[in-house]
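Bear in mind that the values in this text are calculations on the coordinates, not laboratory data. Every value quoted in this text rests on a predicted model; they were computed, and no experiment measured them. Counting neighbours? That spans all protein chains shown, and the Cβs are built from the backbone with ideal geometry, glycine included.
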Amino acid sequence: MASQKVTSALASIESAPSQNKPQLYNDLLSQIVSTSSEHELAQDLIYYLDSILDENISIVAARPLLDSFTNVLRGLPPEIQIKVGQHAITLLQSRSGSMEEQDARIREILADAYESQEEYIAAARALQGIHLDSSQRLISDAAKVRMWIRIVRLYLEEDDTTSAESFLNKIKNLPSKIEDPELKLHFQLSQARILDARRRFLDASQEYFNVSLAAGVDESDRLKALSAAIICAVLAPAGPQRSRTLARLYKDDRATSVDEFGILEKMFLDRLLTPEEVSAFSEKLAPHQLAVTADGTTVLDKAVTEHNLVAASKLYENITTDSLGAILGLKGNGEITAGEKAEAYAARMVEQGRLKGSIDQISGVIYFDSGISGVGSTGSAGRNLRLWDAGVQGVAENVERVAASIIDEFPEFAASQMVH
């Protein structure tokens, strides 16, 4: 309930001559802010709003009054901004076409207040109500992108990727490209987070990696983006495309600075991962990255199993499905054995072209293809040649790292050697 003095003052103003009303309303607004108690302030402002937005007040007279009111609202505590601002946009719904500028400003104040209270969905919905394609106001594409990016980020704070993606698509559909480097960075990061949540991990890894290379980003934030890129690459399905992604990340000089380098190195070098390493890695994952899939396993379980299967193919020319199941750490149940699970994983990867080999279901043996022309699936030349190539690659990379360290430590000596 509004205070008696405010209701009396409003009644007096409403009966006053039209030419005197603007000044009387502005004087009353100042009086409300300076004299109303904290308990009465929100309700007094609501009654004030009801009066200036009454149908008896012309739009021409109401606009400047609402501008003054908006300036006052901006300086109030968030709790009052939310209560009064929500009432204001409700009143403006029937008149928003003629007061779009004022409606937009109040919605932005309301969104700021909601965000300060960590009510991100409410903040996003407040901003959604702003008319960006209005004929009443000329809004640039850059301003639209800035608004949509903010809405996307608010939805992502609550992991509402469906709503966030709908606004990200609005940005993609704009005919003009994003020129502002900061907006482009926020767009890339938002896209990466959505792809990550959608479990499109290879695409997400690429976007995070692009963010980690962006100019003008703090070094610690770059490393966080690089860590996210590595995590997504680890969670991606095993295969040639992931191998290329892992290689790009492993060869980045900054990779050794992040905690995920250990598992990245093992995956890049096709080494078997132990349960302890997987458990330690899982502690760093977000909830959606640990969600259980339709077959009862997590994304991480599946990614590690497929990786270890590829790693086993580099160690063995052939192996029984039961032995492979034990190596992969698979557990059977009443309906299917660990060996049958291993066979199913291998069959799916062979079918999808992510693993070269063949399966003898009668004898229960998997033969891994060497991938070398003229060498059969049971020959050893292919594996030995691959091991040799891997060894040469490892030596070359180590020599390159040592050379880079010498240049960093003794730049003058390195420069003199380059001259000769």
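Here are some notes:
- Exposed loop sites were defined as GluC sites (Glu not before Pro) in DSSP loop states (anything but H, G, I, E or B) carrying at most 11 other C-beta atoms within 10 Å; in the chain the longest segment without such a site runs 180-282.
- Candidates per trypsin sites (Lys or Arg not before Pro) in segment 232-316, loop by DSSP, up to 16 other Cβ within 10 Å: Lys251, Arg254, Arg271, Lys284
- Separation of alpha-carbon centers, segment 17-58 and segment 63-136, rounded to whole Å: 17
- Compactness of the chain was expressed as the Cα radius of gyration divided by 2.2 N^0.38 Å, which yields 1.45.
- The sum of -39500 (n - 2.57) across all DSSP H runs of n ≥ 4, divided by the residue count of the chain, sets its helix-only mean residue ellipticity at 222 nm to -21000 deg cm²/dmol.
- Links that overshoot a 24 Å alpha carbon limit, given the list Lys266/Lys302; Lys177/Lys224; Lys224/Lys251; Lys302/Lys331; Lys170/Lys224; Lys184/Lys224: Lys177/Lys224; Lys170/Lys224
- Whole-Å semi-axes of segment 1-131's equivalent ellipsoid (Cα gyration tensor): 24, 18, 10
- Relative contact order [Cα under 8 Å, 6+ residues apart], segment 156-269, whole percent: 19
- Shape class of segment 64-190 from the Cα gyration tensor (axes a ≥ b ≥ c, square roots of the eigenvalues): oblate, since a/c reaches 1.5 or more and a/b does not exceed b/c.
- Among the DSSP helices (H) of the chain, those spanning at least 30 angstrom by Cα along their long axis with an average Kyte-Doolittle hydropathy of -0.5 or more are 381-409; this is a geometric and hydropathy rule only.
- Within segment 71-171, trypsin sites (Lys or Arg not before Pro) in DSSP loop having at most 15 other beta-carbon neighbours inside 10 Å: Arg137
- Scanning residues 5 or more positions from Gly357 or on other chains, those with amide H under 5 Å from its amide H are Asp369, with H placed 1.01 Å from N in the peptide plane.
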